[in-house]
Amino acid sequence: MTKLNLETLVDESIRASIATKQALLTQSGNIARAAELLAECYRNKGKSIFFGNGGSAADAQHLAAEFECRFMFDRDPLPSLALHANSSTVTAVSNDYSYTDLYARLLRAHARPGDVAIAISTSGTSKNVLAAARLKHELGIKLIALTGENSGPLSEFADVCVAVPSKVTGRIQECHILVGHILCEWTEAAMFARA
């Protein structure tokens with residue numbers, strides 16, 4: 001067994017991240033469609049609703065904050081939420097119903113027709129994410145899916161699926177943040193004149 005060299009690890013990780021982002025150019029059209037879905041939602045006084053598990057939950061909370069606060073410049077806040085952010089609700093629903101029902105129940109509570117839900121799942125197979133995605137038509141919302149290259153069944157429910165061309169969770173998550181930042185930047189530019 002060879003000893004891992006730290007400098008080699010750093011270089012290889014950076015190169016792998018760059019290569020995955022370069023491959024993400026194949027998804028440019030889907031990213032643009034997702035960005036326009038969000039801008040249209042906000043033009044019509046809707047909101048964005050993010051959800052995912054683990055690192056994807058962290059990404060959901062990060063991106064919701066970019067809409068609520070600011071991204072590239074000062075402007076009015078845009079309504080957005082990450083469904084897992086209330087730990088009391090997460091534990092209550094998981095205990096009283098099931099963890100699989102979590103996002104479906106919370107999406108029913110918060111989604112209104114015209115809103116856009118952003119489902120984040122590197123595998124595209126997270127049961128609680130899929131349960132919520134299935135409600136798209138019933139709730140009258142649009143759905144953007146952020147996945148890895150094996151987008152799983154989640155892509156079947158999405159109006160737009162951005163499938164990062166990788167099977168490596170870390171590389172997929174790095175690209176999900178990049179995609180999320182593009183969605184924020186376009187929505188902000190479409191909604192507000194920079195001062």
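The values are calculated or read from the model by the stated rules, or taken from the named source; none is laboratory data. Being a predicted model, the structure only gives us computed values, none of them experimental. Cβ: placed from backbone, ideal geometry, glycine included. Neighbour counts: every protein chain shown.
A few notes on this one:
- Unmet requirement for PRO113, which otherwise passes all of (1) part of a helix (DSSP H, G or I); (2) surrounded by fewer than 18 Cβ atoms within 10 Å (Cβ to Cβ): (1)
- Among the candidates ASP96, ASP74, residue that is among the acidic types (Asp, Glu), over 30 Å from VAL168 (Cβ atoms), touching a residue at least 12 places away in the same chain (Cβ under 8 Å) and surrounded by fewer than 19 Cβ atoms within 10 Å (Cβ to Cβ): ASP74
- When ASP76, ASP59 are checked against the criterion of being among the charged types (D, E, K, R) and either assigned to a helix (DSSP H, G or I) or within 12 Å of the chain's Cα centre (by Cα) (or both), a single residue qualifies: ASP59.
- Within region 137-195, if we keep just the residues that are under 21 Å from ARG75 (Cα atoms) and part of a loop (DSSP other than H, G, I, E, B), the residue that is modelled with the lowest pLDDT turns out to be ALA195.
- Residue within region 151-161 that is among the β-branched types (Val, Ile, Thr) and under 22 Å from ASN44 (Cα atoms) present: yes
- When LEU81, LEU107 are checked against the criterion of being more than 23 Å from GLU149 (Cα to Cα), part of a strand (DSSP E or B) and out of contact with any Pro (no Cβ under 6 Å at 6 or more places or on another chain), LEU81 stands alone in meeting it.
- Residues in region 3-49 that are polar (S, T, N, Q) and out of contact with any Ser or Thr (no Cβ under 8 Å at 6 or more places or on another chain): ASN5, THR8, SER13, SER17, GLN22, THR26, GLN27, SER28, ASN30, ASN44.
- Residues within region 39-56 that are over 15 Å from the mean Cα position of the chain (by Cα) and without any contact (Cβ under 8 Å) to a residue 60 or more places away in the chain, tallied: 1
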